[in-house]
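Remarks on the structure that follows.
Each value in this text was obtained by applying a stated rule to the coordinates, not by laboratory testing. Predicted model only: the values in this text are computed from it and were never measured. Ideal geometry is used to build each Cβ from the backbone, glycine not excepted, and the neighbour counts take in all protein chains shown.
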Amino acid sequence: MMRKKIGLLVMAYGTPSSLFEVESYYTHIRHGRKPSASQIEDLKKRYRQIGGISPLAKITRNQAKHLVLKLNHWYDDIRFNLYLGYKHTYPFIEDAVKQMKDDGIEEAISIILAPHYSVYSLKAYNDRAKSMSDKINGPLIHHINSWYDEPKFIGFWANQIKRTQLMINDLSKSMVIFSAHSLPEKILINNDPYPEQLAKTAELIAEKANLKYYSIGWQSAGATEEPWLGPDVQDLTKELYRKHGYTSFIYCPIGFVADHLEVLYDNDFECKAVTEELGVNYFRPRMPNTHLSFIEGLASAVSKKVREINKITVDI
Ligand SMILES: CC1=C(CCC(=O)O)c2cc3nc(cc4[nH]c(cc5[nH]c(cc1n2)c(C)c5CCC(=O)O)c(CCC(=O)O)c4C)C(CCC(=O)O)=C3C
Ligand SMILES: [Fe+2]
């Protein structure tokens, strides 16, 4: 059978490939404003703490590869060609779109390796892909906006929580903290769906894992003057301990999908330090990475988009 060729544009945050790249990467994150020497040193210090460089680059590539393999296995009438574009490092989103065009791709589906939609995160990725494709009269890109409620993704986390609970003696004294990257509070003015989507993911996971109670917090906020979404996970831990005396905390950074700086440092060093100070147990279940049910969750989000596209074609 002739397989229809579709570009699969996988977009992800990106990470420096060595400590030499930290400065340009950080500058890009800050929209071209160069960070101070001490800010750069502080970031390098954190990367050194997690082993010198982030495992994220390799994990992202593997997630994308697993996803395209799964899709090409599922569909015998479509051939998905993988393109990876990063938000803050080379090859950038724009490079990937241009490559699709050069390769003669006319239609593409894009997915971002982050579950929750916000103007700061998913919208920024999509806008960049679209404006490049508009500029070069490139492929028609069908964006997947968010996939925070994909059942296989929910199932992945519910299972991780259940596995973690097996290591805890007194479950009634344990607390699950779901979290995502904090964003400036001003997103709330425009009714950004980010906090609601995080709450929905948490609710679905809790339901599936039979949690009677859980908490939601924010992590990794920037050090700027403006207010950021709270409560911060570290303050939240102290508060929950003070009020209820929990003896075990299970951190689920469900706004991220891989082992990287925010998880390996902000959770595994910073939150852990808080639990040590309080004399309570720290647990952080494994991240989705290339886990089969997570990849199937992503593939299912893509397949919904395929159905949507086919429906449009048929309707016309
Ligand atoms: C919403 C969101 C996600 C999740 C959604 C998504 O994935 O898109 C995310 C993921 C990530 N963020 C990452 C890295 C960084 N983010 C930073 C800074 C910032 N992130 C922000 C937002 C987000 N970030 C914001 C509003 C800032 C402040 C910018 C400013 O200053 O105005 C900084 C600067 C220093 C610092 O603040 O720590 C770094 C180094 C890495 C890679 C880690 C690795 O390399 O292992 C990943 C996956
Ligand atoms: Fe970030």
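By DSSP, what percent of the beta bridges with both residues in the chain are antiparallel, rounded to the nearest 5?
On the way: 1 of 34 bridges.
That works out to approximately 5 percent antiparallel.
With springs only between Cα atoms under 10 Å, which of I53, I161, I189 fluctuates most in a Gaussian network model of the chain? Highest fluctuation among the options: I189. Given +1 at the Cβ of Lys and Arg, -1 at the Cβ of Asp and Glu and no other charges, the dipole of the chain around its Cα centre is 660 debye to the nearest 20. Restricted to Cα atoms, segment 1-99 shows a radius of gyration and a Dmax of 16.9, 59 angstrom.
For segment 26-92, a simple Cβ point-charge model (Lys and Arg +1, Asp and Glu -1, everything else neutral) yields a dipole of about 360 debye relative to the Cα centre.
Under the simplified labelling scheme, the L292-K200 pair shows an inter-label distance of 2.9 nm, with each label point 7 Å from Cα along Cα→Cβ.
Once you mark the chymotrypsin sites (Phe, Trp or Tyr not before Pro) that are in a DSSP loop and have at most 15 other Cβ atoms within 10 Å, what is the longest gap between them in the chain?
Working: sites that count: Y120, Y213.
The segment 1-119 is the longest one with no such site.
Considering only S54, S38, S118, the Gaussian network model of the chain with Cα springs below 10 Å gives its largest mean-square fluctuation to S38. Tell me, which longest segment in the chain has none of the trypsin sites (Lys or Arg not before Pro) that fall in DSSP loops with at most 15 further Cβ atoms within 10 Å? Longest stretch, sites excluded: 34-211. Each helix, a run of at least 4 DSSP H residues, gives -39500 (n - 2.57); summed and divided by the residues of the chain, these come to -14000 deg cm²/dmol at 222 nm. Over all other residues within a Cβ to Cβ distance under 14 Å of T27, the charged ones net out to +3, with Lys and Arg as +1 and Asp and Glu as -1. The largest-to-smallest principal axis extents of the Cα set in the chain are 61, 47, 38 Å. Along each principal axis, taking the top coordinate minus the bottom one, the Cα set of segment 235-316 gives 63, 25, 18 Å in descending order.
Between the beta carbons of E41 and K186, assuming R0 = 25 Å, the FRET efficiency works out to 0.30 to the nearest 0.05.
Once you reduce segment 1-62 and segment 243-272 to the center of their Cα atoms, the two points are 21 Å from each other. Here the spin labels are modelled as points 7 Å beyond Cα on the Cα-Cβ line, and at M167 and K123 they lie 3.9 nm apart. Between I112, I78, I59, the Gaussian network model of the chain with springs among Cα atoms under 10 angstrom shows the greatest mean-square fluctuation at I78. With contacts taken as Cα pairs under 8 Å and at least 6 residues apart, the chain reaches a relative contact order of 21 percent.
In terms of overall dimensions, the C-alpha atoms belonging to segment 176-274 reach 36, 30, 29 Å along their principal axes, ordered largest to smallest. About the centre of its Cα atoms, segment 175-316 shows a dipole size close to 640 debye [charges on the beta carbon of Lys, Arg (+1) and Asp, Glu (-1) only; nearest 20 debye].
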